[in-house]
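Novice: First the structure, which I've put down as structure tokens, then a few questions once you've had a look.
The values are calculated or read from the model by the stated rules, or taken from the named source; none is laboratory data. Predicted model, so just to flag it, every value in this text is computed and none were measured. Glycine also receives a Cβ, built like all others from the backbone with ideal geometry; neighbour counts cover every protein chain displayed. Note: accessible area is taken over every heavy atom of the protein model, side chains too, but ligands, DNA and RNA are not part of it. Shrake-Rupley method; radii C 1.70, N 1.55, O 1.52, S 1.80 Å.
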Amino acid sequence: MSAQVPEPQPQPEPQRWVADPRIGWRILLTATLPAPAAPDALATPLATLCAAQGWTYAAPTAAGARALLADSPAPLLVGVDGRDVVLSAHHSAVDGLGLLTVLDRLGLGPATSSARGVGTRTTTGGTARTVARRLGEVALRPPSGVVPPDRPVPDHGDALVSATVPGSHRTAELVHAATRAVVRHQAERGRRARHVAIAIGAAREPAAGDQDGRIADRSVLLRLRDVERLDLDGIREAVRTAPVQTPPAPAEPRPWSPVVDRAMTTGLRVLGPRLGSTLLVSHLGEVRAPAVEGLAFYPVTAGGTGLSLGAVGLDGHTVLTLRGRAAAWNDNGLEQLLEAVISLL
């Protein structure tokens, strides 16, 4: 039976965050099933989900994760690659926990996470204050970069690697290991990792889509500075108390909004690599998903070095992923850095 495809709905312009606006804002979740799936089997539940959300429907395709990384404003793309079902969502429409809800709505759930939101934690202030603070960083204490170990042929899109490690590992432990891996990585190349800045993906609410039935981006960003100076206990305390970062997203339209928006876009494009963070870390928590055999989460790569470390716990193991821009990183370079993180956990 063919799916009832909803009428295309007008899509809002993707929201801008503190990052180079040229970078695509797509997040990925790969779910490994016990047996190969067929794209047609997902067409009907996907069409139903898109209709409920008011999203433009795109039929599931026979495609893997890399093929679904292309910059696209589509809220949700679904690919099937053997036993893997790949969900590719624009971050303005879906956050990491929301991808678990999507998995459930496609008939591959339940998929629930132990992750807890940050609640009513204070913010860093308004947009102007956030931009001013980041400009001060650029002038006085720019975040440490991460030098790629190789020089790949410049390419579009992102490179992806993953590895599975035993046990459960909390966000603070991942931040600690990743920071030490960056410090060691830079030292091996004659560089000093100063002012390591770690961005941490989190959520205001413990789950996405269960209050009103709608899936949305409820994510927030925490940001830790000079993390190389902190031990594990210090990182735990910093994660617990860090305020929520306010993104420089367009506010309510004003007569001068077009001029301000163009200036902000230009500034973020020019300064994005220095305004961002050394690394983004995002953990989906310990997930219970009895219908799947594996999960891998790939956060966005916008801003700063363009490196993101993703994690998801499942059945007593943790799947770690590292994602980087293909113009600077290849699989070999990412694997070296991910191996360093794992060795320091």
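Novice: Hey, could you check segment 201-224 for residues that are out of contact with any Leu (no Cβ under 9 Å at 6 or more places or on another chain) and part of a strand (DSSP E or B) and say which is modelled with the lowest pLDDT?
Specialist: Top of the filtered list is Val220.
Novice: Also, I was wondering about something else. Going through segment 305-325 one residue at a time, which ones are open to solvent by 10 Å² or more (accessible area, probe 1.4 Å) and assigned to a loop (DSSP other than H, G, I, E, B)?
Specialist: Correct list: Thr305, Asp315, Gly316.
Novice: Which condition breaks for Arg83 when tested against (1) under 26 Å from Ser277 (Cβ atoms); (2) at pLDDT 95 or above; (3) basic (Lys, Arg)?
Specialist: Failing condition for Arg83: (1).
Novice: Test each condition in (1) hydrophobic (A, V, I, L, M, F, W, C); (2) modelled with pLDDT under 75; (3) buried (at least 17 other Cβ atoms within 10 Å of the Cβ) for Val153 and report the one that comes out false.
Specialist: Of the numbered conditions (1) hydrophobic (A, V, I, L, M, F, W, C); (2) modelled with pLDDT under 75; (3) buried (at least 17 other Cβ atoms within 10 Å of the Cβ), the odd one out for Val153 is (3).
Novice: Take segment 47-93 and flag every residue that is assigned to a loop (DSSP other than H, G, I, E, B) and among the aliphatic types (A, V, I, L, M).
Specialist: Ala58, Ala59, Ala62, Ala63, Ala65, Leu69, Ala70, Ala74, Ala93
Novice: How about segment 34-46: which of its residues are part of a helix (DSSP H, G or I), hydrophobic (A, V, I, L, M, F, W, C) and more than 13 Å from Pro75 (Cα to Cα)?
Specialist: Ala41, Leu42, Ala43
Novice: Regarding segment 75-96, can at least one residue be identified that is within 25 Å of Ala238 (Cα to Cα) and of a type in the set (A, V, I, L, M, F, W, C)?
Specialist: So far as segment 75-96 goes, no, none of its residues is within 25 Å of Ala238 (Cα to Cα) and of a type in the set (A, V, I, L, M, F, W, C).
Novice: Can I ask one more? Name the single residue that is nearest to Asp95 (Cα to Cα) among those in segment 127-150 being open to solvent by less than 40 Å² (accessible area, probe 1.4 Å) and either at pLDDT below 65 or not in a loop (DSSP other than H, G, I, E, B) (or both).
Specialist: Thr130
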